[in-house]
1. Any idea which of THR263, THR213, THR244 is touching a Lys or Arg at 6+ places or on another chain (Cβ under 7 Å), within 29 Å of HIS363 (Cα to Cα), among the hydroxyl-bearing types (Ser, Thr, Tyr) and modelled with pLDDT of 80 or more?
2. Search segment 298-310 for residues being open to solvent by 80 Å² or more (accessible area, probe 1.4 Å) and either at pLDDT 90 or above or assigned to a strand (DSSP E or B) (or both), and hand back the single one that is farthest from LEU60 (Cα to Cα).
3. Exactly one condition in (1) open to solvent by 40 Å² or more (accessible area, probe 1.4 Å); (2) in contact with a helix residue (DSSP H, G or I) (Cβ under 8 Å, 6 or more places away or on another chain); (3) at pLDDT 95 or above; (4) of a type in the set (D, E, K, R) is not met by ARG150; state its number.
4. State whether the residues of segment 357-365 include one that is buried (at least 19 other Cβ atoms within 10 Å of the Cβ), at pLDDT 90 or above and in contact with a strand residue (DSSP E or B) (Cβ under 6 Å, 6 or more places away or on another chain).
5. For ASP46, indicate whether it is under 14 Å from THR147 (Cβ atoms), touching a residue at least 60 places away in the same chain (Cβ under 8 Å) and of a type in the set (D, E, K, R).
6. Have a look at SER110, SER41 and point out the one that is more than 20 Å from SER144 (Cβ to Cβ), of a type in the set (Ser, Thr, Tyr) and touching a residue at least 12 places away in the same chain (Cβ under 8 Å).
7. Report yes if MET1 is buried (at least 24 other Cβ atoms within 10 Å of the Cβ), in a loop (DSSP other than H, G, I, E, B) and not β-branched (Val, Ile, Thr), otherwise no.
8. In segment 31-51, which residues are under 25 Å from SER215 (Cα atoms), out of contact with any Gly (no Cβ under 8 Å at 6 or more places or on another chain), open to solvent by 10 Å² or more (accessible area, probe 1.4 Å) and at pLDDT 95 or above?
Amino acid sequence: MARIVMKFGGTSMAGIERIRNVAARVKREAERGNEVAVVVSAMAGDTDRLVNFCREASPLYDPREYDVVVASGEQVTSGLLAITLQSMGVRARSWLGWQLPIRTSSAHASARIEDIDTGALLAALRDGEVAVIPGFQGVSGEGSLSTLGRGGSDTSAVAIAAAMKADRCDIYTDVDGVYTTDPRIVPRARKLARVTYEEMLELASVGAKVLQTRSVGLAMKEKVRVQVLSSFGDAPDGGDLPGTMIVGEEEVETMGMESQLITGIAHDKNEAKVTLAAVPDRPGAVASIFSPLADANINVDMIVQNVAHSTGSTDVTFTVPAAELARALDVLEKGKAAIGYEKLIHDTSVAKISVVGVGMRSHAGVAAQMFKALAERGINVQAITTSEIKVSVLIDEDYTELAVRVLHTAYGLDAADEAA
């Protein structure tokens, strides 16, 4: 008998027929004698609809009330799945975030899980009951409903799996695994049998939509084995189609597999570029820009500062999530006197393209190959950021798909070039 957390995304829960399909998969696991907890997202499109309602009500909405609104989507699907399972003869009940409880920080719309009380949950599982838990939500120390940020249901699932000491956390999505890039852009993209936590963390952070960044980081920290599977279609034996396992690098090495140079190419159009022109070139100037943004829980990614010359001023360019642009501009405008910049410029017509692979640690020239491939197709690089296993560039949004295709071929990732 195994203890398993099954997580289903928005497309898997989009309507009663799909919820019945999910219920059938859950029932199959329960009938194998496994202890099963299910984490669900809102129906596809529901969260966006609720978020838009908040923005229409007020562009600078109260984050506490935002959480109250957007958390309702997962509450609906958890109740519907529990009802559907009951109709199939499966003992099931829903557990809302405050009922477990899932305790979080007080940073509304981007709360972090601090603790999960699993006592009552584990007792129910041992008694043969399937637990259905809405993802994305918890309760703050003040007793307010809180949410974990977009894609937070993945984090909920991994956190619950860690707290329950589950044998595995299965993430069911509308894709059947992790690919070398988006197959909708590159049809010859290959599905990967295994990806290391570190590679998946980088891929998720730079635009791969399969898993939320925080969920991968948590899985790596807690050593939760995560499997990405499709919730559509079955293998010939009636089981799940093979997916992608997210594992530690040591497990890959134990299997005698050598890390390939590049694992995948990711892209992200949900970026906004912000430039502060003529910032005084003095100690503390950069801190006066980024400290208020940090206080407002606005994540900053790429940062470029031009070299100051005789003018005594410099330009500072950085990127923020497009959804946070309005709040970032508000923070910067309020801090104009303290920062001392002359002009605030922003651009949402940009995209971030990234190449990721643990093989970069032992190979030189990865970045040079990227820049050369892009230059040969006339694609200009506006900003660059790197890590030990990643190189990211900011480009004009119009060149996104071309850049992905060019780089996928340049690094030999096309299925025709290498056996899957």
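1. Residue meeting the stated conditions: THR244.
2. Here the residue is GLN305.
3. Only one criterion in (1) open to solvent by 40 Å² or more (accessible area, probe 1.4 Å); (2) in contact with a helix residue (DSSP H, G or I) (Cβ under 8 Å, 6 or more places away or on another chain); (3) at pLDDT 95 or above; (4) of a type in the set (D, E, K, R) is unmet by ARG150, namely (3).
4. Checking segment 357-365: not a single residue is buried (at least 19 other Cβ atoms within 10 Å of the Cβ), at pLDDT 90 or above and in contact with a strand residue (DSSP E or B) (Cβ under 6 Å, 6 or more places away or on another chain).
5. No, not satisfied.
6. SER41
7. It is false that MET1 is buried (at least 24 other Cβ atoms within 10 Å of the Cβ), in a loop (DSSP other than H, G, I, E, B) and not β-branched (Val, Ile, Thr).
8. ASN34, GLU35, ARG49
The values are calculated or read from the model by the stated rules, or taken from the named source; none is laboratory data. For clarity, every value in this text was computed on a predicted model and none was experimentally measured. Please note: Cβ atoms are built from the backbone with ideal geometry, for glycine as well, and neighbour counts cover all protein chains shown. Accessible surface is based on the protein model in full, side chains and every heavy atom, while ligands, DNA and RNA are left aside. Shrake-Rupley method; radii C 1.70, N 1.55, O 1.52, S 1.80 Å.
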